[in-house]
Amino acid sequence: MLRYLTAGESHGEALIGIVEGMPAGVPLTAEIINHQLARRWLGFGRGGRAKFEQDLIHIYSGVRFSKTIASPISMRLDNAAFKKDKSGWPDVMAVDGDGEGVAPITLPRPGHADLEGVRKYGFNDIRPVIDRASARETAIRVACCTLGRQLLKQFGIEVGSHVLRIGEVGWKSEVEYIQQRDEILLKGAESISRQADQSQVRMMDTQLSQASVEHITDVKRSGDSLGGIYEVIVTGAPPGLGSYVHWDRRLSGQLAQAILSIQAQKGVEIGSGIANASRPGSTVHDEIYLDAAKQYQRRTNHAGGLEGGMTNGMPVIVRGYMKPIPTLIKPLETVDLESGKPQPTRYERSDVTSVPAASTVAEATVAWVIANALLDKYGADSLDEMLEHYPYRP
Ligand code: EPS
């Protein structure tokens, strides 16, 4: 059983991650994690922080000579904002002292964790909520989940992602899009990511990509923000990961939780699940046949590679739906926590959209869930021992 913990505030000194349960012998270097961290910063529409935050991981334990040694892996990621920003973060986020002289932030933003966070924990300043609820936390999450991705790689299992829609701009014809995607997918899910990483918004189609950049520019000018849809794909996963025997062992449920645990994600779709709800069954279910090598195959993949909470050998397809970022230049109505009076929200530095970043974070969290399921079925103390048990060696 794999598990990880993250700690740290967005404008505190650093983010910390601990991963436990990784078998011995899995290749890992700081460069491998840094590559994934750099991908998380991809995407037109990020705010000022993207210009100075450079994510470089420090690994402290659990790795020796570039391989895991089965003991917990501990990591630190510094927040450049803590020192480089001129907004006095070391003072307002100080661990010591009594906070005297620090003016509280008291205007909760609709759509953010602000209001419910202060009410729940009894704060008079929104900062502790803003800083832990922030999507900055996803940086250390990507670092932790890269361990899962590294494990999968040893079994020829690849995880990739791309953006389908940003605000009003997205694919109109599902058929046309699926054709394009499936052609690239023949080379594995990472080839989707390699192509998407070339686009400023992580889209596969250059025209849509350009239209999205224009859309983001317009929306930024009007002081607004945008959400969108992305897709995570897993290729090479063997059949039989997950199980139907108990609710919490269903892989589809675990994947939904992985996506919805990411800040601002409001919907999940497995395969073409949403469209399937309005189609007759005969056009939805993926028919079964035996190929020349007597292997079970499917003619279509509307199920997104998951039936009965288990992988069926087809690519796993999971879509995430992200709401627009709640920090807007355009003020929204709120109430000052101190005076109880109505007030417009205050502008804070923010992104216009972070759908491209969310797609890479979702990739990481999906890799983690699949890695856990792989360990559940084929787990062992070391990678070599796991590979010995594994019947589908690439
Ligand atoms: C975020 C607000 C912005 C984003 C941040 C998430 O930070 P700041 O307020 O410092 O400008 O840049 O995202 C990251 C720092 C990151 O690493 O992704 C928020 O409120 O969620």
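The values are calculated or read from the model by the stated rules, or taken from the named source; none is laboratory data. Quick caveat: nothing in here was measured; it's all calculated off a predicted structure. Every residue, glycine among them, receives a Cβ derived from its backbone with ideal geometry; neighbour counts consider all protein chains shown. We work out accessible area using only protein heavy atoms, side chains counted, and drop any ligands, DNA or RNA first. Shrake-Rupley method; radii C 1.70, N 1.55, O 1.52, S 1.80 Å.
General remarks:
- Loop-located chymotrypsin sites (Phe, Trp or Tyr not before Pro) in segment 210-308, at most 13 other Cβ atoms within 10 Å (DSSP): Tyr244
- Quarter of Cα convex hull surface for the chain, i.e. mean projection, nm²: 21.4 nm²
- Paired Rg and Dmax values of segment 124-166, which use every Cα atom, in angstrom: 15.8, 51
- Among the GluC sites (Glu not before Pro) within segment 223-292, those in coil by DSSP and having at most 11 neighbouring Cβ atoms inside 10 Å are Glu287.
- Accessible area (Å², 1.4 Å probe, nearest 10) - Glu388: 140 Å²
- Ranked by the mean number of other Cβ atoms within 10 Å of their residues, highest first, the peptides 165-175, 271-281, 368-378, 190-200 come out as 368-378, 190-200, 165-175, 271-281.
- Per residue accessible area in Å² of segment 208-323, where ligands, DNA and RNA are left out and the probe is 1.4 Å: 49 Å²
- Relative intensity, log₁₀ I(q)/I(0), of segment 1-116 from a Debye sum that treats every alpha carbon as a point, q = 0.11, 0.21 Å⁻¹: -0.51, -1.23
- Placing unit charges on each Cβ (+1 for Lys and Arg, -1 for Asp and Glu) gives segment 169-300 a dipole about its Cα centre, and among Ser225, Ile178, Pro239 the Cα reaching farthest toward its positive end belongs to Pro239.
- With Cα atoms defining each centre, segment 1-52 and segment 280-312 are spaced 35 Å apart in the structure.
- Computed from phi, the 3J(HN,Hα) profile of segment 104-120 under the Karplus parametrisation 6.51, -1.76, 1.60 (θ = phi - 60°) reads x, 8, 10, 10, x, 8, x, x, 9, 6, 3, 5, 5, x, 5, 5, 5 Hz, with x in place of Gly and Pro.
- Under Karplus coefficients 6.51, -1.76 and 1.60, residue-wise ³J(HN,Hα) of segment 35-42 in Hz, glycine/proline x: 4, 5, 5, 5, 4, 5, 8, 5
- Extension gain from Ala38 to Lys187, taking 0.36 nm per residue of separation minus the Cα-Cα distance: 51.3 nm
- Radius of gyration over Kirkwood radius for segment 259-394, both on Cα atoms: the Rg/Rh ratio is 1.16.
- Whole-number percent relative contact order across the chain, with pairs defined as alpha carbons under 8 Å at least 6 apart: 22 percent
- By accessible area, using a 1.4 Å probe on protein heavy atoms only, the chain has 53% of its surface on carbon and sulfur.
- For the chain, the longest principal axis of the alpha carbon atoms and the long axis of helix 174-185 meet at an angle near 70°.
- Semi-axis lengths (Å, descending) of the ellipsoid that matches the C-alpha gyration tensor of segment 55-195: 38, 26, 13
- Taking θ as phi - 60° and the Karplus parameters 6.51, -1.76 and 1.60, the scalar couplings of segment 6-21 work out to 10, 9, x, 9, 4, 10, x, 5, 7, 10, 10, x, 10, 10, 10, x Hz in sequence order, x denoting glycine and proline.
- Peptide packing for 144-152, 301-309 was compared via the average number of neighbouring C-beta atoms within 10 Å per residue; ordered from the highest value, the list is 144-152, 301-309.
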